[in-house]
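The values are calculated or read from the model by the stated rules, or taken from the named source; none is laboratory data. Source: prediction; values computed, not measured. We place every Cβ from the backbone using ideal geometry, glycine too, and count neighbours over all the protein chains shown. Just so you know, the surface numbers come from the protein's heavy atoms only, side chains and all, with ligands and any DNA or RNA stripped out. Shrake-Rupley method; radii C 1.70, N 1.55, O 1.52, S 1.80 Å.
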Amino acid sequence: MTHKIHLYDFHGGIHPPENKHQSTQRSIRNAGLPAQLILPLHQHIGAAALAEVQVGERVLKGQRLAHADGKISVPLHAPTSGTISAIEERPVPHASGLTELCIVLTPDGEDQWGEHPSLLQQLKVSDFSDIEPKQLVDFISDMGIAGMGGAGFPTAAKLQTRQYPIHTLILNGAECEPYITADDMLMRERASEVVMGAQILQHILGSQRCLIGIEDNKPEAIEALKTALAEHNQQHLMDLVVVPTKYPSGGEKQLIQLLTGEEVPAGGIPAQIGVVCQNVGTASAIYRAVYQGEPLISRITTVTGDACAEPGNWDTLIGTPVSHLLQLSGYQPQARERVIMGGPMMGFALPHTDLPVVKTSNCLLAPTEQELPPNDIAMACIRCGMCAEACPAELLPQQLYWFSKAEEFNKAEQHNLFDCIECGACSYVCPSHIPLVQYYRFAKGAIREERAAQAKSERAKERFESRLARQEREQAEKEAKRKARAEAAAKAKQAAAEQPPAAAADTPSELDKLNKKLDAAKAAVAKTQEKLDAARADDSQAEKVPALEAALEKTQAKIKDIAKDIAAAKKAAASTTGAADKGDPNSPERLQRKWETAQTRLATAQQRLADAQEQGLDTVAALQAGVDKQQQRVIEAKAAYEASLKGTSPAAATEAAATVDQDALKKKILAQQDRLAKAQERLQMAEADGLDTVPALSKAVSKQQDKLTQLQQQLQQAEGA
Amino acid sequence: MSTLTTILIAVAVLVVLATVFGAVLGFASVRFKVEGNPIVEQINDILPQTQCGQCGYPGCKPYAEAIADGDKINKCPPGGESTIQSLADLLGVEPEPLDAEHGAEKDVPTVAYIREDECIGCTKCIQACPVDAILGAAKQMHTVIAEECTGCDLCVEPCPVDCIDMIPVGQDISSWYWQAPTSGVELIASDRRSVGGPA
Amino acid sequence: MLTLSSPHTHGSNSTSKVMLTVILATLPGLLVTTLLFGYGTFINVLLAVATAMATEALVLKLRQRPLGFFLKDNTAALTGVLLGLALPPLAPWWITVLATSFAIVFAKQLYGGIGNNPFNPAMVGYALVLVSFPLHMTTTWAVPMAVDNSAVPGLLDSVAVIFAGASPDAFSGATPLDAYKHMIDSQTSSEVLKNPIFSGWLNGGWEWVNLAYLAGGLVLLWRKIISWHIPVAMLVGLSLCSLLFGWDEDMYAPLSLQLLSGATMLGAFFIATDPVSAATTPRGKLIYGAGIGILLYVIRAHGAYPDAVAFAVLLMNFAAPFIDAYTQPRTYGHKAARRGLIAKSEK
Ligand code: SF4
Ligand code: SF4
Ligand code: SF4
Ligand code: SF4
């Protein structure tokens, strides 16, 4: 070691039994080729890779099977040669036990490499320091490398820190979780790979120093690293820092705090304080990619726990089924069987063992029941505060618990729920054995879901409103068009109304003109006929005959046309004058005429009566009766006319209103019947399914029924009236 | 005389106190004024924006306006009990059970799915969709943008060839999350076996 | 296969162990009390524990909760022990039974049982009988051995007084705090201290009892069952008040008496530290403890009661949630701690 590194401390932390010795007795063994490799397309944080091979295709070891989908994504490579036997949804190792798209590869046993030149060979350089950092980052991305410590964040994305200058690269070899020894064994056996990988990382980041953090419970690894550093670290840019064993010192944020005393800002990334943290396994994978052209197709996985007769570390191909590894390690199924992927503090229990090892699987823990008894029944929180003392994030876990349990999510957020790293220290120390972390996961999930729902409803609102706006606009446009048309029509009408006499005179004068034309044409025909006859008679004019015949024909055709026009004009005139007659017999004009006729008749009758009276005729009485009758008629006609002007007679109006009312009622009844039927249907369905909404629904049905009867009664009343 | 003085002093003190506190409160209400949304907006924010019209209004906003004018808060089936609860909290009224007349709450969220080879391209569903979640032109096959679909069912009825299904939104790994543990006591009640087990 | 959420391992701690440790840590105090004051307190503790367990069982049965699961957590027993220790040694049996059952039923189970009670149950029970039966609560303190060896009741005497209603007068006397408070009105400090109750090293044996509780409290600190914040803050608060405002010994009880008489140490290490009803944040605990110390002094010096641990603790119980809300620690990665409750508009 060349520099004096000051060690800081982080709040809280716990010291669970380490249980690391079981799996460090044997050196790393090769897990060999299983019968089938299951390769999920989504083994990292970010977007799933996109498959680029077909079922049935033969692939070579190291061949790319799927490419990255965007920046935060990594490709997937074939861990061995063989045939793609399926690309389908398979259960993947995840706490949910759900399925995701996987490429299934059946190895052919030949383990035949495809072309895989190292980056040095590709670029024909002898040292990585001659390669542009950008090129290295792209290459690391192409090699499918994602963080191997557990989270699986695409390494290349983490190395692109353009906006923040990086002064420190931290290599995480703390491995604080009990049982796990994958990094420990890696550092023991491949220390120089780790150191050389770190050198590449430093070159990419341009950081002045690199701190390798390692817990003091790994003396062999520390020794191995020291040797490797002495060998490779000529520029003395790298320091090994031994930190005291305390869980969770291997947490990224905690290790950064331990080594630099600085805290990663809440919701931010380490690069913001000039630090990038990488796992030692990732460094080794980078070394293998750059120096040997080997993509990330295998990893070291610890298989341990008392249920395994031969615990140890395996160099495992990605995609190897868990059952294969367990079998190699002498696994004995237990009474209350549990296999945990990851460590006992943060790992998740697998629902079954037909799941593949993925890029982030650092450990398979198969404990016996005595070894790690499943959680006791939780008692009430006694607010003892032990959890708060253990929490490395300095949260108040007991408050978070109360809020999460009561689903008071905004209060939980107020207490910084999202700064919880789910390390489990609080659950570990809780005397009431409350599954605190599960509550936090639940609360976080629920909050995220709520946020997503909120965002969606916000979008729906916007879309709805813009649709409404659009509809309004369209409506307005339509309205405008309609108005324009109406205006044009009105104008035309007005124009027509302004010169009705002209129009009326128009038709006859037109007719006259046509008639004159007709006469002229007829005269012309007669003349032409005459000429024609003369020409036929006179041989000297014989050559004129055809022309005259043609002229005759023409004129005759003209006559026909004119006759047609006349007929049309006549019709038109008839229709203009007869328009009123053809209309409604009750139209005001008609009625007016009736009234007028009646009046004239009355006048005549009165005249006659007066004459008769003067002359002293004996028809006076009869005439008087006739006059009376006529008078009566006049009055009637007048009334009818006036009523027609007002619209409808009062009696007719009430009658019409009644029918309208009845119609509306009938319609309402129909709708109500419909609704009732629907409600009944729903009720039946609910009854059939035995849902507990039955009472509510039956209430609804009876409500609907009541409404219906009410409406029917109203209708009867209306009809009766 | 002295009683009168006492009373006067008491009154004076009270007046002064009232003035001072009134001034403080007035200042605080101006200084720390919270720019409140108008109530209709707040109500609208709580409604699910499914825009399905089941409440009897043409969309959520009109219903929000109606609530602000005193309509009942239990008419929105897509929002269900939780929305009613939030509305009750906001308006300071008693929550009521969902009015079954307007329909029942769905157990699982759904999205519309158009069986595309059966679609005749009549555009009826496009006209029905309140959030413009259906894409397509006349005589061409239509399709639903699942992310935008609110699952309101309005497009199902108008389809003349019944090619629209409402399918439940499945859970995938990215949307899955742990459920809250059952509390200790419930566990004991449901699973006596583990009580007798080794502690 | 079992799929539970992580973590899959757990420390060996448990609530019943915690409660049991607290009960065991009271033993030195109980022992000294019994030696110096006779069997009264011992009988009280047994009676209170029995009552507490029985009442708890009854209420659990009524609430249809699993009996064994909850009785095993030892919280009811602890409430009983603390009440038994706090009550006057010669209090009639029904006082103990009444206080304990009230504590369990009203102060604990009606709030939803363990973990949900906003007030310290033992102190609620104590306050109830203190307010309801002041005579019985002030005239039944035993005279310590140091004052009058012959007046210390034997086992049979104690049983007779507690259960058979025999007059306690032959064995009882005022507590030092009570005596001081009453006598200082008409006498000077040195005159008061001549009274036999202040014989022995300090005050007739009460100092030993308090030291025994202090020892028990240190065990709790060492076992990390309690944190130092509350007891230290409370004792410091009490001492500072006493030094600043109560320095005149001719008017107020001196600091030595404040610290080593009455229920000071029992209160500081066993009662104020009841986690359920106390503040939980580190700084909150300091405020909470200091508040109890100050209230304790104020009531002792100016109130009607000679001792006031119960009232001081209950009053601070009211304030605990509020204190917690304003003393949240600064979380990793945050510039400052969040303060206070959530404003409605912020959601
Ligand atoms: S450790 Fe457990 S019992 Fe104690 S305060 Fe935290 S959650 Fe509550
Ligand atoms: S799981 Fe969260 S709350 Fe619990 S100790 Fe870890 S960071 Fe703190
Ligand atoms: S019923 Fe439909 S339209 Fe009415 S408020 Fe609810 S989601 Fe909106
Ligand atoms: S696609 Fe159908 S179900 Fe979806 S929002 Fe549009 S109308 Fe409603």
Using a Förster radius of 41 Å, what is the FRET efficiency between C:Arg338 and B:Thr3 based on their Cβ-Cβ separation? Nearest 0.05, please.
0.15
Could you derive backbone 3J(HN,Hα) for the range B:73-90 from the dihedral phi with the Karplus parameters 6.51, -1.76 and 1.60 (θ = phi - 60°), listing whole Hz in sequence and x where the residue is Gly or Pro?
9, 10, 10, 10, x, x, x, x, 4, 5, 5, 4, 4, 5, 5, 4, 4, 4
Cα principal axis extents for the range A:13-103, largest first, Å:
48, 30, 25
Contact surface A-C: accessible area buried, both sides summed, square angstrom, 1.4 angstrom probe
4600 Å²
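What FRET efficiency comes out for A:Lys124 versus B:Trp176 if R0 is 51 angstrom and r is the Cβ-Cβ distance? Round to the nearest 0.05.
Details: r = 48 Å, r/R0 = 0.94.
For R0 = 51 Å, the calculated efficiency reads 0.60.
With the Cα gyration tensor of the protein assembly as shown giving a ≥ b ≥ c as the square roots of its eigenvalues, does the rule (a/c under 1.5 for rounded; else a/b larger than b/c for prolate; else oblate) give rounded, prolate or oblate? Write down the numbers at each step before the final one.
Numbers: a/c = 3.17, a/b = 1.64, b/c = 1.93.
Since a/c reaches 1.5 but b/c is at least a/b, the shape of the protein assembly as shown is classed as oblate.
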How much net charge surrounds C:Ala336 when only the other residues with a Cβ under 14 Å from the Cβ of C:Ala336 are counted, with Lys and Arg +1 and Asp and Glu -1?
+2
Roll a 1.4 Å probe over the protein heavy atoms and report the accessible area of A:Ile214 in Å², nearest 10.
0 Å²
Solvent exposure, largest accessible area first (probe 1.4 Å, DNA, RNA and ligands not counted), of C:Leu46, A:Leu609:
C:Leu46, A:Leu609
Express in Å², to the nearest 10, the accessible area of A:His203 obtained by rolling a 1.4 Å probe over the protein heavy atoms while all chains stay in place.
50 Å²
Starting from the Cα of A:Lys134, move 7 Å in the Cα-to-Cβ direction to define the label point; list residues of the range A:152-182 whose amide nitrogen is under 12 Å from there.
none
In units of 2.2 N^0.38 Å, what is the alpha-carbon radius of gyration of chain B?
1.70
Separation of the A:Lys527 and A:Arg482 label points, Cα + 7 Å toward Cβ, nm:
6.0 nm
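Where Rh is the Kirkwood radius over the Cα pairs of the range C:1-160, the temperature 37 °C and the viscosity 0.692 mPa s, what D in µm²/s does Stokes-Einstein return?
Working: Rh = 16.9 Å.
Answer from the Stokes-Einstein relation: 195 µm²/s.
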Report, to the nearest 10°, how far helix A:545-582 tilts away from the longest principal axis of the Cα atoms in chain A, using its own Cα long axis and a range of 0 to 90°.
80 degrees
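Rolling a 1.4 angstrom probe over the protein heavy atoms, how many square angstrom per residue are accessible across chain A?
On the way: 35690 Å² over 721 residues.
Per residue, chain A has 49 Å² of solvent-accessible surface.
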Residues other than A:Cys430 with Cβ under 14 Å of its Cβ, Lys/Arg counted +1 and Asp/Glu -1, net out at +1
Taking square-rooted eigenvalues a ≥ b ≥ c of the alpha carbon gyration tensor, is chain C rounded, prolate or oblate, where a/c under 1.5 means rounded and, failing that, a/b exceeding b/c means prolate?
oblate
Among the lysines, which have Cα under 29 Å from the Cα of A:Lys527 when same-chain residues fewer than 8 positions away are ignored?
A:Lys513, A:Lys516, A:Lys517, A:Lys544, A:Lys554, A:Lys558, A:Lys560, A:Lys564, A:Lys570
On a 0 to 90 degree scale, rounded to 10, what angle separates helix A:620-646 from the longest Cα axis of chain A?
20 degrees
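Tell me, what is the FRET efficiency for A:Gln710 and C:Arg330 to the nearest 0.05, using R0 = 60 angstrom and their Cβ-Cβ distance as r? Write out the running numbers ahead of the final one.
Working: r = 66 Å, r/R0 = 1.11.
Using R0 = 60 Å, I get an efficiency of 0.35.
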Taking C:Thr327, A:Thr227, C:Thr21, A:Thr709 and ranking on accessible area (1.4 Å, protein atoms only), highest first, one gets A:Thr227, A:Thr709, C:Thr21, C:Thr327
Run down the lysines and flag those whose C-alpha is under 20 Å from the C-alpha of C:Lys181, throwing out any fewer than 8 positions away in its chain.
C:Lys194
Whole-Hz Karplus ³J(HN,Hα) for the range C:189-199, in order, using 6.51 cos²θ - 1.76 cosθ + 1.60 and θ = phi - 60°, x for Gly and Pro?
4, 5, 5, 4, 5, 6, 4, x, 5, 9, 6
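Out of all DSSP beta bridges with both ends in the protein assembly as shown, state the antiparallel percent to the nearest 5.
Numbers: 41 of 64 bridges.
Roughly 65 percent of the DSSP beta bridges within the protein assembly as shown come out antiparallel.
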Long-range amide H partners of A:His77 with built H, under 5 Å
A:Leu65
Please list C:Tyr39, A:Tyr440 in order of solvent-accessible area, largest first, computed with a 1.4 Å probe with all protein chains present.
C:Tyr39, A:Tyr440
Charge tally for neighbours of A:Ala47 with beta carbon under 10 Å away, counting Lys, Arg as +1 and Asp, Glu as -1, is 0
Under a point spin-label approximation (7 Å from Cα along Cα-to-Cβ), what is the C:Trp94-B:Val16 distance to one decimal in nm?
5.4 nm
In the full protein assembly as shown, how much of B:Phe21 is accessible to a 1.4 Å probe, in Å² to the nearest 10?
120 Å²
Principal axes first, then extents: for the Cα atoms of the range B:68-179, list largest minus smallest coordinate on each axis, whole Å, largest first.
51, 39, 20
Give the aspartates and glutamates whose C-alpha is closer than 15 Å to that of A:Lys218, dropping any in the same chain fewer than 8 places away, or say none.
A:Glu18, A:Glu175, A:Glu177, A:Asp183, A:Asp184, A:Glu189
Which value in deg cm²/dmol, rounded to the nearest 500, describes the helix-derived mean residue ellipticity at 222 nm for chain A, given -39,500 (n - 2.57) per DSSP H run of n ≥ 4 and division by the residue count?
-17500 deg cm²/dmol
Tell me, what ³J(HN,Hα) does each residue in the range C:64-78 have, in order and in whole Hz, if you take phi through Karplus 6.51 cos²θ - 1.76 cosθ + 1.60 with θ = phi - 60° and put x for Gly and Pro?
6, 9, x, 5, x, 4, 7, 5, 5, 6, 6, 6, 5, 4, 5
Using every alpha carbon pair in chain A, what percent of pairs falls into each 10 Å bin from 0 up to the bin containing the largest distance?
2, 9, 14, 14, 10, 6, 6, 6, 6, 7, 7, 6, 4, 2, 1, 0
So how far apart, in nm, are the two label points at A:Phe418 and B:Glu105 if each is 7 Å from Cα heading toward Cβ?
2.6 nm
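Taking all pairs of different Cα atoms in the range A:1-152, averaging 1/r and flipping that mean, what Kirkwood radius in angstroms comes out? Show your work: numbers first, answer last.
On the way: mean 1/r = 0.0534 Å⁻¹.
Hydrodynamic radius (Kirkwood, Cα pairs) of the range A:1-152 is 18.7 Å.
Where a ≥ b ≥ c are the square roots of the eigenvalues of the C-alpha gyration tensor, would you call the range C:204-271 rounded, which needs a/c under 1.5, or, failing that, prolate if a/b is larger than b/c, or oblate?
Oblate is the answer for the range C:204-271, as a/c is 1.5 or above yet b/c matches or exceeds a/b.
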